1. Considering only DSSP beta bridges whose two residues both sit in the chain, what percent are antiparallel, to the nearest 5?
2. Counting heavy atoms of the protein chains only and a 1.4 Å probe, report the per residue accessible area for the chain as a whole number of Å².
3. Could you list, in their original order, any pairs among K66/K145; K28/K48; K18/K174; K145/K174 whose Cα atoms are separated by more than 32 Å?
4. How large, in percent, is the carbon and sulfur part of the accessible surface of region 25-72 at a probe radius of 1.4 Å?
5. With Cβ to Cβ distances under 15 Å as the rule, what net charge do the other residues near R98 carry (K, R +1; D, E -1)?
6. Measuring from label point to label point, each 7 Å out along Cα→Cβ, what is the I111 to I52 span in nm?
7. Note down the net charge around T144, summing +1 for each Lys or Arg and -1 for each Asp or Glu among other residues with Cβ under 11 Å from its Cβ.
8. Using a Gaussian network model of the chain whose springs link C-alpha atoms within less than 10 Å, name the residue from K66, K13, K48 with the highest mean-square fluctuation.
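The values are calculated or read from the model by the stated rules, or taken from the named source; none is laboratory data. In this text the structure is predicted, and so the values were computed from the model without any measurement. Every residue, glycine as well, gets a Cβ built from its backbone with ideal geometry; the counts of neighbours run over all protein chains shown. Note: areas computed on protein heavy atoms with side chains; ligands, DNA, RNA excluded. Shrake-Rupley method; radii C 1.70, N 1.55, O 1.52, S 1.80 Å.
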Amino acid sequence: MNLVLLGPPGAGKGTQAKLLEDGHALTKLSTGDMLRAAVAAGTELGRKAGDIMERGALVPDDLVIKLIAERMDEGGEGRGYILDGFPRTIAQAEALDRLLAERHKRLDRVIVMEVDDEALVERITGRFACADCGEGYHDIYKPTKVPGVCDRCGGTQFVRRRDDNEEVVRARLKAYHA
Ligand SMILES: [Zn+2]
């Protein structure tokens, strides 16, 4: 079974993709995760993508398509793919048709997640995570029980994604809707 999860940034695609991945032995292909990993690794692609993501703009089609194609060929595909954050443009959708056809696969379902823009801005700008164990928190919806201390591991260092600020979030939503 091959699925596409569509939805604006912050809709919870990653969370749902993880549930599907664990429950159905599907392989999650998340362009967001891949791009952030490339940025963290400091590869040439990562440096290019990092500049673009900091502005809240969409990463160019050719770059994203290349990432997805590489990951599809890394094996361990299990019983199918969950595509999270891809395709985002018509060119990417056409590329996906090609990539699947070349591998004798087809798309079974597309799930669209719809969330109000204002709710997304509040949700995204409030999120942070423990730097040690990765546990996710939110200023309003899921604060730590003791301020400044991770519930899970007792860590006191927290990180926020650099692109989780209001200006960037609004730019990302605008790019998504376009
Ligand atoms: Zn922790």
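1. Values: 8 of 19 bridges.
Once the DSSP bridges in the chain are tallied, antiparallel ones form about 40 percent.
2. Numbers: 10170 Å² over 178 residues.
That works out to 57 Å² for each residue.
3. On the way: K66/K145 42 Å; K28/K48 23 Å; K18/K174 26 Å; K145/K174 35 Å.
The answer is K66/K145; K145/K174.
4. Numbers: 1260 of 2340 Å².
Within region 25-72, the accessible surface is 54 percent carbon and sulfur.
5. Working: positive: K66, R103, K105, R106; negative: D61, D62, E70, D73, E94, D97, E102.
Counting the neighbours of R98, the net charge comes to -3.
6. That separation, rounded to one decimal, is 2.7 nm.
7. Once all neighbours under 11 Å are counted, the net charge is 0.
8. Result for the chain, Cα springs under 10 Å: K66 fluctuates most.
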